[in-house]
Amino acid sequence: MFKLVTLEDAIRIPPERFGEEVDNVGYEQLKIKYEGMVDEELGYVIAVDKIKVNPFGKIIPGDGATFHKVQFSLLTFFPKIQEVIEGEVVEIAEFGAFIRIGPVDALLHVSQLMDDYISYDERQGVLMGKETKRKLKTGDRVRVRITAVSLGRGGGSGKIGVTARQPFLGKIEWIRKDVEKIEGPDAEDSEDTQKAEESKK
């Protein structure tokens, strides 16, 4: 889930940057500090926005710089367990597929792909079900449920696990076919009848 989070911090403006626009100096410093960070409370920090630097700073003895309070917003991505999300397959491996969700890649392990025996074709770069003949390859769009989140400490990249072994999850084309099977040909006929009746009006 993407969120906008409002925070407060302090920035240090060194003497050589006195006279510059404080918001610009603050933006540069906050960008270096926060963007790309992975935090247990914030999640994945994507961008800094809406910066307001207090023009009145403080001087600390022994330091020629000024310190200013700053308010700002962060655009973050915080994956939540049980959240259903769509993404793109960016890599296929023997043990599973990596799905790009937001700014990060999640692992869809082969055991969580489908209710079928799955084989890996390295030459074609696909995972394929033995009975269903369903194939998953790079570039496919999938809908998955988040099952595990480990953001880690100290700015690590974090790890996300997902599953597609539930109704209406998996490759988007598979979901469409499953929905068509449930609705059946009657649903299609009734839809055509409704369109015909609307055109007569």
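The values are calculated or read from the model by the stated rules, or taken from the named source; none is laboratory data. Quantities reported herein were computed from a predicted structural model and do not represent experimental measurements. Here the Cβ is made from the backbone with ideal geometry for all residues, glycine too, and neighbour counts use every protein chain on show.
Of the candidates Lys31, Lys3, the single residue that is under 27 Å from Lys80 (Cα atoms) and in a strand (DSSP E or B) is Lys3.
Output yes when any residue across segment 83-103 is among the β-branched types (Val, Ile, Thr) and in contact with a helix residue (DSSP H, G or I) (Cβ under 7 Å, 6 or more places away or on another chain), and no when none is. Within segment 83-103, not a single residue is among the β-branched types (Val, Ile, Thr) and in contact with a helix residue (DSSP H, G or I) (Cβ under 7 Å, 6 or more places away or on another chain). If you take the residues in segment 75-86 that are part of a strand (DSSP E or B) and either at pLDDT below 95 or of a type outside the set (Asp, Glu) (or both), which one is nearest to Val22 (Cα to Cα)? Among residues in segment 75-86 that are part of a strand (DSSP E or B) and either at pLDDT below 95 or of a type outside the set (Asp, Glu) (or both), the one nearest to Val22 (Cα to Cα) is Leu75.
Here's the yes/no breakdown for (1) modelled with pLDDT of 90 or more; (2) assigned by TED's automatic domain parsing to the domain that holds Leu169:
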| residue | (1), (2) |
| --- | --- |
| Ala10 | yes, no |
| Gln29 | yes, no |
| Glu41 | no, no |
| Gly62 | no, no |
| Ser73 | yes, no |
| Glu91 | yes, yes |
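Taking the criterion of being modelled with pLDDT of 90 or more, surrounded by fewer than 12 Cβ atoms within 10 Å (Cβ to Cβ) and in a loop (DSSP other than H, G, I, E, B), the residues of segment 43-60 that qualify are Pro55, Phe56. Val25 meets the stated requirement of being outside the structural domain of Glu173 (by TED's automatic domain parsing), out of contact with any Cys (no Cβ under 9 Å at 6 or more places or on another chain), outside any strand (DSSP E or B) and at negative phi. Would you mention how many residues in segment 80-108 are in contact with an Asp or Glu (Cβ under 8 Å, 6 or more places away or on another chain) and either more than 15 Å from Gly158 (Cβ to Cβ) or of a type in the set (Gly, Ala, Ser) (or both)? Total meeting the criteria: 6.
Remark: pairs (first residue in segment 52-66, on the phi < 0 side of the Ramachandran plot; second residue at pLDDT 90 or above and assigned to a loop (DSSP other than H, G, I, E, B); Cβ separation under 8 Å; 6+ apart in sequence or on different chains) = Ile59/Ala65; Gly64/Pro14; Ala65/Pro14; Thr66/Phe18; Thr66/Gly57.
Could you please let me know if Val89 is within 16 Å of the chain's Cα centre (by Cα) and not in a helix (DSSP H, G or I)? If you could, list the steps in order and put the result at the bottom.
Working: within 16 Å of the chain's Cα centre (by Cα): yes; not in a helix (DSSP H, G or I): yes.
Spelling it out, Val89 is indeed within 16 Å of the chain's Cα centre (by Cα) and not in a helix (DSSP H, G or I).
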